[in-house]
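Asker: My questions will all concern the structure given below.
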Amino acid sequence: MQEPYFWYVFYVKTNTEPRVMCDVGQFVATHRFEHEFEAFCPESEVYYRKYRHVPGRQYRKRPLFPGYVFVETTMPETEFLREFGTFVFGSADIIRLLRSGDNRIALPSDERQRLEYLLRGKRCFERSSGVIIGDKVCVTDGPLKGREGSITKINRHNHSADIELDLFGGKTKVTVALEIIDRS
């Protein structure tokens, strides 16, 4: 998407994310805006062990932030608020449009860039792998490489880690896939 672009975040009812993304697409198509739009819900890979007889580790994708739909667009804030105001109030699935601490509706650029780095342009937080050396975790591959300080808890049984991100005007805890390969 061309610069400048913004991320706006809708807080929606849980499990309605796909429907809201479809509704945003239809709204944009009917209004024929001059701006580019993409509605998405960032996903995360999670370890899935339902079928133990299937060889190899299996991962599924689930929403990284359940109940949130992101809209990436080149439309400035005032115009977005004017055009999407009736859409937000008319939707039964959207609870509200998120605002940051300084009452702006666009996600601050530093938070957006942090998320873009972690998602690596794929709209999915892929699994990371690492080793435990003593009491410390050393991530060797994946989006958590070099960001070990954000890990608050590791669950080796579920191949996951809880990390803390500065998002939405505060600390947000999310669970992501982290496979510990070795412990020494």
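Asker: Could you point to the residue in C124, L98, V88 farthest towards the positive end of the stretch 64-184's charge dipole, with +1 and -1 charges on the Cβ of Lys/Arg and Asp/Glu respectively?
Answerer: Farthest along the dipole direction, towards plus: C124.
Asker: Let me ask you something else. When the expected Rg is taken as 2.2 N^0.38 Å, what fraction or multiple of it is the alpha-carbon Rg of the chain? If you can, show how the numbers build up before the last one.
Answerer: Details: Rg = 18.3 Å, N = 184, 2.2 N^0.38 = 16.0 Å.
That works out to 1.15 for the chain.
Asker: So what's the angle, to the nearest 10 degrees on a 0 to 90 scale, between helix 17-31 and the longest Cα principal axis of the chain?
Answerer: 30
Asker: Which residue, chosen from F70, T14, V137, occupies the Cα position most advanced towards the positive end of the dipole of the chain, where the dipole is computed from +1 (Lys, Arg) and -1 (Asp, Glu) charges on Cβ about the Cα centre?
Answerer: Toward the positive end, the furthest listed residue is V137.
Asker: Turning to a different aspect of this structure: Taking the Cα centre of the chain as origin, work out the dipole magnitude from +1 charges on Lys and Arg Cβ and -1 charges on Asp and Glu Cβ, in debye rounded to 20.
Answerer: Values: 28 positive and 26 negative charges, 215 e Å.
Dipole size: approximately 1040 debye.
Asker: With a probe of 1.4 Å, find how much accessible area the chain has per residue, and write the answer as a whole number in Å².
Answerer: Details: 10460 Å² over 184 residues.
Heavy-atom SASA per residue in the chain reads 57 Å².
Asker: Given springs between every Cα pair under 10 Å in a Gaussian network model of the chain, which of R96, R82, R156 has the largest fluctuation?
Answerer: Result for the chain, Cα springs under 10 Å: R82 fluctuates most.
Asker: Could you state the angle between the C-alpha long axis of helix 77-90 and the longest principal axis of the C-alpha atoms of the chain, as a value from 0 to 90 degrees rounded to the nearest 10?
Answerer: Helix 77-90 and the main axis of the chain meet at about 90 degrees.
Asker: Distance from a point 7 Å along Cα→Cβ of L81 to each backbone N in the stretch 9-45: keep the residues under 15 Å and list them by number.
Answerer: 9
Asker: So, one more: Order T74, T175, most accessible first, counting only protein heavy atoms with a 1.4 angstrom probe. If you can, show how the numbers build up before the last one.
Answerer: Details: T74 20, T175 50 Å².
Final ranking, largest accessible area leading: T175, T74.
The values are calculated or read from the model by the stated rules, or taken from the named source; none is laboratory data. The structure displayed is predicted, hence computed values, not measured ones. Heads up, the Cβs are rebuilt from the backbone with ideal geometry, glycines too, and the neighbour counts pull from every protein chain shown. Protein only, heavy atoms only, side chains kept; ligands, DNA and RNA dropped before computing areas. Shrake-Rupley method; radii C 1.70, N 1.55, O 1.52, S 1.80 Å.
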